[in-house]
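Before any comments, here is the structure.
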Amino acid sequence: MPRLRRGSAQWLTAVLLLTTAACSSGGDEKQLDFGKVKVCEVLTRSQLLDYGVNRVTQEAQNEGPDKSFSRCVWQSAPSSDIYLLAVSFDSTRDNTWIGEKNKTEPVSGHRASLTTGMLWVATGPETGVLGIEGTKVKKPIREIGEAVVQRLQN
């Protein structure tokens, strides 16, 4: 077996590592399929009650010129403290900004951005956004996001 000079061996090692990293990162990003469940069925009745919401107050399913947008809004029964939860699917929206601003840990392995009461999850490599918004919900928005992502994966 021929011997490589020290500089050549280091260069070869660096090239192999870069090639491996490029191959493993391209196209391996997790994707979510919005076609598995309607947006208003993404959470169970039990989950909704745990979050403090119990009725659908707004629903949009496959709207827009390309039928790419869906949204469901749940609210609590009329009371002095209104709890509100909204989940939206947008299969054609650019998601390259997710994970750049307001960084957060991935949600079930997906790029995500989190702010107070709002969570965005990239559902594909360049396009597709899952949005979750909550006002006075009884559970952390990240926990709700994990439940929605799990439902879309199953």
Report summary line: Counting only residues that are assigned to a strand (DSSP E or B) and open to solvent by 50 Å² or more (accessible area, probe 1.4 Å), segment 67-119 contains a total of 10
Query raised in the report: Does residue 152 qualify as being part of a strand (DSSP E or B), within 11 Å of the chain's Cα centre (by Cα) and at pLDDT below 95?
Result: no
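The values are calculated or read from the model by the stated rules, or taken from the named source; none is laboratory data. Just so we're clear, the structure is a prediction, and the values are computed from it rather than from any experiment. With ligands, DNA and RNA removed, areas are computed over all heavy atoms of the protein, side chains included. Shrake-Rupley method; radii C 1.70, N 1.55, O 1.52, S 1.80 Å.
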